[in-house]
Structure formats: C-alpha cells, structure tokens
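J.: One structure, pasted below without further comment.
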Amino acid sequence: MVRSASIHATLLITPPLVLVLMYAAIASADGLKPEVFEAAISAAAPAFLGFGLLAVIAPLTAGGGSEVMPADQLVAYPVRPSTQFLASLTLAPLNLVWVLQLLVLTAEPAYLTRDGGSLARGGLTTAAFVIASTAGGQAIAWFVVGVRQSRRGRLAVRGTLAALLLGALVLARLGRADDLVDLSPAPYIVRAVGTTDAADPLWWGLTLGLVVAGVVSLLLGSRACGWALRRPLDAAARGDDRNVRRRTGTASPLRTLVAIDRGSVWRAVALRRGALVLAILPGMAAAGAAVPWRSLAALPGLVAAGAGLLFGINAFCLDGSGALWLASLPHNPRLVARAKVIVLTEIIVAAVLLAAVAGAVRAPDAPTHAELAAVVMSALTCTVAVIAICLRLSVNRPHRADLRGPRDAVAPPGALVAASVKLAGSTALIGMTLGASTGPGVWQLPVLLAAPVLAWGLLSARASLRRYDDPLVRARVVQVVAAG
Amino acid sequence: MEPALLAEELVVDFGTVRAVAGFDLSVGAGTSVALVGRNGAGKSTTMRVLAGVLPPTSGKVRVAGVDATHDPAGVRALVGYCPDVGGLIPRATAWEHLQLAARLRGMSSDWESRAEELLHRFDLTAAADRITSGFSHGMGRRLSVVLAVFHGPRLLLLDEPFDGVDPLGVDATLEVVREARTTGAAVLVSTHLLHLAVEACEEAVVLSSGRVVAAAPASELRGDGGRERYRALIA
C-alpha cells in the first residue's frame, strides 16, 4: 500500500492538508459577504441531507464498502465479519466526495453560530452526525448486500431504488425538491447546530440520539456484514456464466480493442455501478441544488476526477492476466493504450456532459458569455487534465486488479487516495480559476486561461504514450497487471 | 538451414535479480522441446522473452530467421504463446479473444471456421460466448492453448499448458502439439508434469538458475529411472 515513496508522501501530507482546509472552512465564516453568507445558511439543510445520502449511496455502490485487501487473498484466514465491517468503515473517508462534503459540513457550524451559539456545541453535533451517518450508511449497505444475494432480494432492491429515483424526479419536476429536505431530519440538525441555548433540549436530544445511532449502527453493521458474507450467492448473481451476444462484422483492430475494453468496464460490476452513479448523481445534485452559473465551472472537474478514479488511474488493469497474451500478438502497442484512452474519454465526457447539462437546465439564472465560456472550458480542460493524469499513473504505477466482485477497486487504498488527491487537486484548481475568471465578464479570459492547461494536458498525454512505447516500460506494466 | 528458434546468451535482469543467465537454445523446425526445471529456474521468464512480451537485458532471439530485436512484430506474427498465468482478458468472451487475435494477426476471413473447429476439439463450444472470468482453471488453460495454436504459428510456446487440465483436454493439447510439429512448427513446452513433457516432446532441456544445465532426449526422462535422473539434474 505505501511501498511507493510518492504514495507514502501523499498519504502523510493528506491528513494535515484536510485539517488545514477544515480550519480554512471554519475561518471563512468571518469574512463572507452578506449574500454569500445567506446562501451558505440556506444550503445548510441540503448539505446535511446530501452527506447523509452519500453515506448510504457510496458503500451501496461499492457493494458494502471498500476492502483493505482483496477477498481472494483473505479467504484462507479467519477474518471476523466485525473486522471486515470496521475495515470498510475505516476506509469510508477515503472517498473524494466524502472529504469534500465533510469540508462543507465543517464550515456550516461556523456559519450557523456566527451570530450567536457555540461553535463547539455545533461542531460536536456535526461530528456525531458525520460518524452516525457514515456508520449507518455502511450498515445499510451491508444489509442490502445480504438482501441482494437472492433473486427476490435483487428485485426488491431494484424496485426500491427505482421508486426512490422516480419519486425524486417527480418532486424535482413539480418544483417541490425542497419538500424532501423539509421532510428529512436535516432541518432539525441545522437548528440544533445553530442553537444559542446551552440547555436546548433539541440539541441534547439530537446529539445524544446521533451518538446512540452511531453505536447501534456499529453493532448492527457488524451483524449485517456477517449475515451478508455468510449468505450463499445464487448463480445468477455472479453473471459470469451468462452467454454474451456475439459481435459480428469486420471491425478494425482499434475498434475491436475498444469494444473489448468497453465490455471490460461494463461487465465489471464495480465499474458498472460506479459509472451509473457517476452518470446520475452529480447531475441530480446539480439540478437539485440549482447551482448558479457562476459556480457551475467547478462541477465538471469534480465529475471528471470521479470518472478518472473509476478505472482510468490504472487503465491497463482491464486486460488482467490477458495482458501477457495480448502483448504476444503482432500489433502496434500504441493501439492498446489508445483503446483505453478512448473508453476513458467516453466515460468522462458522458458524465461531465450529463452533469453540466443537468446543472445548466436547473440554474436559477441565465449565463453571461463569460460564465458559459468558463463552464465549457472547464469541461474541456478538466477532461484533458484527468486523461493526462490517468495515463501517467497507468503507465508509471500499474497495479493488479481483478475487478471480479462489487467491492474490488482498481488500486489499493493508499494508491487510490494519492490518485484522488492528484485528480481532485488539479481539477478543483482548474474549476476555481475558471470560475473566478468570469468576474470581469470577458468571455475570452476563461479561454485564455484554459489554453495553457489544455496544451499541458495534451503534451503530458503524448509523453505518457511515448513512454508506453518503450518495451521495458510496457513489459513492466504488462507483468504487473497480469500477475501483481 | 536457419533453426525455427535460436536463442543465444539470453540474459534477463529484474533489478539486482538475474532471472535468466545466459540461456542458449536452438530448436529445429518440426521439433518439440520440453523446458523443465524447479520453480524459479527461469522457465516462464524465458518463455516471455521468446514470445516477445519481455525484452531481454542482453542476448539474441531469432524465430525462423527473424530477429526479435529488429522486428519484434514480425517475430510475434510467427509465435503462438500460451502464458503460464491465466493469459485471458477477464471480462472478454472466448470468442472475443479469437476475434481479437484474428484482427490483430490479420487472418483471412475463414478464421471463424478454424476458431469453431478448435473450440470444438477443446470442448469449449458451449462456453464460446461466456466471459472468461467465469471459466474454471482448466477451461482457461484449454482456451489459452487454442489461442496459441489458432493462427498456425511457426514457433509454439506453451507454458504450463497441462496445469489443472482434465485428461480429454490433455489429449487435445498433445494432439495440437503433434499437428504443429507435423506442419513444421517448433514447439517449446514448459511444465512440471514430467510424464506429459516426455509424451509431448522429443527433447528435454533442464533449466537451473536461468541457464540450461542439461539436455537429453525426452525418452531418457521416462519412467522411474528418468524421474531419478531428473531429480539429480535439478538438485
């Protein structure tokens, strides 16, 4: 996990960096303009609700949660379900969106208590909420994993998810998305965090309730994890023994490679779920939050970084042990790399477009030319930057990844964190810079600012492809993804 | 006449570890050679070098007169390789593997009939459109052999082709090895199953610490006496 010096360094730097950002989030309360302050206060309840939803959705997507080690490496050892549950809970914060939402929640107590109330009290309630939501989300996810082990269970889960999605869409269509927030516990949490009364029964009751919920979630989650892992998986759930429709026709070698890589993504349950969540969630969040145009420039970066983390940071792992056989075929090795870049680009562009369009449609204001240019350039630049970073990581730091099960990840946890920091840091910087460039109202400014980043991204991608041309580098990639 | 495979002074270093230390071998057309030796003797690494997957640190490989350093793609076109570990793209079907091989090798349009015939011989017809991550170990080995012989290679490299394979699969593999030899291909088989190595090959070379330490007719390694001799060679 931390054998690489750069990953080791990133892991050492990340926690203090997050702490600094949390401090900055708290300190930002004092210098806010009144209109921004008002917006932050009104966004408090949706932020708490959003965190709670993410705490459930993220482990659900990951089939219960992340694993410290792949299941096939642990199968011979007596690992208790409670250990497995605690491991997945410990790894839950190693998620880009979780950290970003944590930063938002860190700022909220400072905003809510700026004009009265206690930051310590508000912070305590928020911390209890974060812990209870994360543990509760993991517990629910493990329960759903267990339910999904049978055909009936899978139908029930799919039906429930479809109903929830449909309900959310209907509410959004009717313009009553706010009702969802009002019906949730989020407004009560906001009131408790911002309370000015030290003896407020709401604060005491809610904070204690959250602590109890956290403890109960820990206990129930451990049991749910054990139950889910003990239940036999029926044959249909594996999906490996189904026949796949045969493609006919005479495609070029590149198109054939692209088709196989596309299949490798969509036939891996972890990647398929991740891609679907990426396609739906950011768009829904952007639409639900009705983000103004001036802030939309930050959205493509977040989505592109998520798409890159799906498999792009270790793109050659799609070939698995077949990489050895593939390397023995007579072809230009650049084709293999190009096929992976094409599939990665498809996923990033689709996710970014969906999120940007959903955000643009629901934006409360009409865009200026500069804002439109910033969003378009942000989408383009972040896509190119993510592809460049992913290609560099794939060539320089390959990992073996089977991606057979829903909990399998494309890289070990440490490498994932390091890649998240790189991708999120770069794209956040691009998004913020382009967002800020709309200030003067000149549409050429975002274009001019994006141009050098675009050039860097293209040059970096070309350099990585050239590095992959080196037989020694390629052989290392092939040997690592094939066997570890 | 140029041998089908000529390897001279092959050296492969992984950092400070020398995996192959001056490997020399010449295999004539229509000849099959068993590559045997202990774990870590350098068999699979040597196979990877001969397949063009891994560039050697130094040394020379020529396949049917084509130099691997100057024309690696040309060598790959002549070689059929069954790797030791899996060797299959996990979420591609058996048919998609054959389709990809046909496209990258530029095979003529009748590749489908050849593919179907091989799948039938290796009892994989029913599994042709299943993704290979659902295959048993033996099925995977059988498909790897199919992929290696698919295009009628001039040099057939089979690394542990019998590992976990049922008797019918073993028979099918032995049959394609015989056919390859008949058509003038050189065959190199790496395996720990000495009796199958003896059955598949005419000659045997013993590897130890990355170099050939003995070579003999495979028949000399047959039976109890052959096993004792082999043990003495690798000890």
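The values are calculated or read from the model by the stated rules, or taken from the named source; none is laboratory data. Keep in mind the model is a prediction, meaning the values are calculated, not measured. Don't worry about glycine lacking a Cβ; one is built from the backbone with ideal geometry, like all the others, and counts go over all protein chains shown. Note: accessible area is taken over every heavy atom of the protein model, side chains too, but ligands, DNA and RNA are not part of it. Shrake-Rupley method; radii C 1.70, N 1.55, O 1.52, S 1.80 Å.
J.: Per residue, how many Å² of accessible area does the protein assembly as shown show with a 1.4 Å probe?
T.: On the way: 31970 Å² over 719 residues.
It amounts to 44 Å² per residue over the protein assembly as shown.
J.: If you don't mind, there's one more thing I want to ask. In peptide B:77-86, what is the residue-averaged number of other protein chain Cβ atoms found within 10 Å of each Cβ? Could you put the intermediate results ahead of the total?
T.: Numbers: counts 3, 1, 3, 2, 5, 3, 11, 4, 7, 8.
Per residue, the number of nearby Cβ atoms from other chains is 5 on average.
J.: Any chance you could list P(r) for the protein assembly as shown, counting all Cα-Cα pairs in 20 angstrom bins from zero, rounded to whole %?
T.: Spelled out bin by bin, the protein assembly as shown gives 16, 44, 28, 11, 1 percent.
J.: I've got another one for you. From other protein chains only, count the Cβ atoms within 10 Å of every residue's Cβ in A:313-325, then give the mean.
T.: 6
J.: Out of the total accessible area of region A:1-233 (probe 1.4 Å, heavy atoms of protein only), what percent is carbon and sulfur? Before the final figure, lay out each step's value.
T.: Working: 9020 of 12800 Å².
The C+S portion of the solvent-accessible surface of region A:1-233 is 70 percent.
J.: Taking amide H positions as placed in the peptide plane 1.01 Å from N, state which residues far from B:Ala214 in sequence (5 or more) or on other chains have amide H under 5 Å from it.
T.: B:Val206
J.: For peptide B:61-73, what's the mean number of Cβ atoms from other chains within 10 Å of each residue's Cβ? Present the calculation step by step, with values, prior to reporting the outcome.
T.: On the way: counts 0, 0, 0, 0, 0, 0, 0, 0, 1, 0, 1, 3, 5.
Rounded to a whole number, the mean comes out at 1.
J.: Give the cross-link partners of A:Lys340 among the aspartates and glutamates, using a straight C-alpha distance below 19 Å as the criterion and excluding same-chain residues fewer than 8 apart.
T.: A:Asp261, A:Asp319, A:Asp402, A:Asp469, A:Asp470, B:Glu96
J.: Using a 1.4 Å probe and counting only protein heavy atoms, arrange B:Tyr230, A:Tyr77 so the residue with the most accessible area comes first.
T.: From most exposed to least exposed: A:Tyr77, B:Tyr230.
J.: Same structure, new question: Based solely on its DSSP helices, what 222 nm [θ] is calculated for the protein assembly as shown when runs of n ≥ 4 H residues each add -39,500 (n - 2.57) and the sum is averaged over all residues, nearest 500 deg cm²/dmol?
T.: On the way: 30 runs with 446 residues, N = 719.
Theoretical 222 nm ellipticity from helices: -20500 deg cm²/dmol.
J.: Using a probe radius of 1.4 Å on protein heavy atoms only, what is the accessible area buried between chains A and B, both sides summed, to the nearest 100 Å²?
T.: 3700 Å²
J.: Starting from 0 in steps of 10 Å, tell me what percent of the Cα-Cα pairs of region A:261-303 lands in each bin.
T.: Per 10 Å bin, starting at 0, the Cα pair percentages come out as 25, 41, 23, 11.
J.: Could you work out the Kirkwood radius for region A:295-363, taking every pair of different alpha carbons, averaging 1/r and inverting it, reported in Å?
T.: 13.7 Å
J.: Please report, in Å, the Rg and the Dmax of region A:252-484, where both are computed over Cα atoms only.
T.: Spelled out, the Cα radius of gyration and Dmax of region A:252-484 are 18.1, 56 Å.
J.: What does the accessible area of A:Ile140 come to, in Å² to the nearest 10, when a probe of 1.4 Å is used?
T.: Only protein atoms counted, so the area is about 80 Å².
J.: Using the per-residue mean of other Cβ atoms lying within 10 Å as a proxy for protection, in what order, highest first, do the peptides B:101-108, A:464-471 fall?
T.: Most protected by this proxy first, the peptides run B:101-108, A:464-471.
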